[in-house]
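The structure appears right after this line, and notes come after that.
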Amino acid sequence: MTSIDLRVSPKTVQQQAVEKLRGAIISGMFKPGDRLLEAELCDLLGVSRPSVREALRSLEAERLVSLIPNKGPYIPILTWEHATEIYQVRAVLEGEAAALAAGRSSAEDIRAMRAALQEFEQSVQDDDAAKQVSSTARFYEDLFRLSGNRIIEETLTGLLARINFMRGKSMSMPGRAKVSMQEMVAILDAIEAGDSEAARRAAVYHVEQAHQSAEKAWQDHAGQ
């Protein structure tokens, strides 16, 4: 299991517990099908069992955790049909988010997003899958924020979290990470130019290509 510091400070324990567990799930520390043992989570987080249970209930509402009677909490396993639906919704919402961001970005915003892409490029050279996912997440956090639409931001953040494990598998396909970099640069270039329709097209194309790569990764895994 990947070593991640999950301990929280006494202040805002409940919210920190949720954020720490969400981050562990998104980072891949906990993978689809993994059971989440309350006693182990109490030790990792340094909080009480009631706090862990409340955190798990919050994450269940986000569909990052499933709570099954008599079985306990676990990380849900995504079907390919469900994943396809998520990619379809992503294409629509990310296209809209990019189009909205094209009219709202500042020079500072662009610098921050380019920094995330530079980190992504370095992680590709280093073959660091975890850094690839985290730098991509930073890029999209800024993109969604720039859309100025909190519903789009909240919805997409939840959708990406639910398929993050699959995104990592997709990115591991030969050549995909470098192509993904080019696609994200195209999105950012259009946003910087203030071209809403070009940003929309670039964002939709990126999701469609990611979907195809994820499908290939899924098929390869199923054939093993």
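The values are calculated or read from the model by the stated rules, or taken from the named source; none is laboratory data. Not measured: the values here are computed from a predicted model. Heads up, the Cβs are rebuilt from the backbone with ideal geometry, glycines too, and the neighbour counts pull from every protein chain shown.
A search for C-beta distances below 9 Å between a residue of the stretch 101-125 that is within 21 Å of Val179 (Cβ to Cβ) and any residue that is in a loop (DSSP other than H, G, I, E, B), counting only pairs 6+ apart in sequence or on different chains, returns Met113/Ser105; Gln122/Asp128. Pairing residues of the stretch 138-162 that are crowded, with 16+ Cβ neighbours inside 10 Å with residues that are among the β-branched types (Val, Ile, Thr), at Cβ distances under 6 Å and at least 6 apart in sequence or on separate chains, gives Leu159/Ile86; Ala161/Ile26. Applying the criterion of being assigned to a helix (DSSP H, G or I) and of a type in the set (S, T, N, Q) to the residues of the stretch 93-137, the residue that is surrounded by the fewest Cβ atoms within 10 Å (Cβ to Cβ) is Gln125.
With the structure loaded, tell me whether Phe165 is over 22 Å from Val18 (Cβ atoms), surrounded by 16 or more Cβ atoms within 10 Å (Cβ to Cβ) and hydrophobic (A, V, I, L, M, F, W, C) or whether it fails that test.
no
The residues of the stretch 45-59 that are surrounded by fewer than 19 Cβ atoms within 10 Å (Cβ to Cβ) and either in a helix (DSSP H, G or I) or not small (Gly, Ala, Ser) (or both), listed by number, are Arg49, Pro50, Arg53, Glu54, Arg57, Ser58. State whether the residues of the stretch 211-222 include one that is touching a Phe, Trp or Tyr at 6+ places or on another chain (Cβ under 6 Å), part of a helix (DSSP H, G or I) and either outside the structural domain of Ile86 (by TED's automatic domain parsing) or of a type in the set (A, V, I, L, M, F, W, C) (or both). Checking the stretch 211-222: at least one residue is touching a Phe, Trp or Tyr at 6+ places or on another chain (Cβ under 6 Å), part of a helix (DSSP H, G or I) and either outside the structural domain of Ile86 (by TED's automatic domain parsing) or of a type in the set (A, V, I, L, M, F, W, C) (or both). Kindly list, by first and then second residue, each pair from a residue in the stretch 80-92 that is over 11 Å from Leu156 (Cβ atoms) to a residue that is not in a helix (DSSP H, G or I), limited to pairs with Cβ atoms under 8 Å and residues at least 6 apart or on different chains. Sorted first by the residue in the stretch 80-92, then by its partner, the pairs are Ala83/Ile163; Tyr87/Ile163.
Mind listing just one residue for me: the one in the stretch 60-92 that is within 15 Å of the chain's Cα centre (by Cα) and in a helix (DSSP H, G or I) and, of those, surrounded by the fewest Cβ atoms within 10 Å (Cβ to Cβ)? For the stretch 60-92, the residue satisfying everything is Val89. Of the residues making up the stretch 73-87, none is among the hydrophobic types (A, V, I, L, M, F, W, C) and at pLDDT 95 or above.
Let's see how each residue does on (1) over 20 Å from Ile26 (Cα atoms); (2) outside the structural domain of Glu96 (by TED's automatic domain parsing); (3) in a helix (DSSP H, G or I); (4) modelled with pLDDT of 90 or more:
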residue	(1), (2), (3), (4)
Glu141	no, no, yes, yes
Phe144	no, no, yes, yes
Ile152	no, no, yes, yes
Gly158	no, no, yes, no
Phe165	no, no, yes, no
Val185	yes, no, yes, yes
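Counting only residues that are of a type in the set (Ser, Thr, Tyr) and under 16 Å from the mean Cα position of the chain (by Cα), the stretch 114-147 holds 4 of them.
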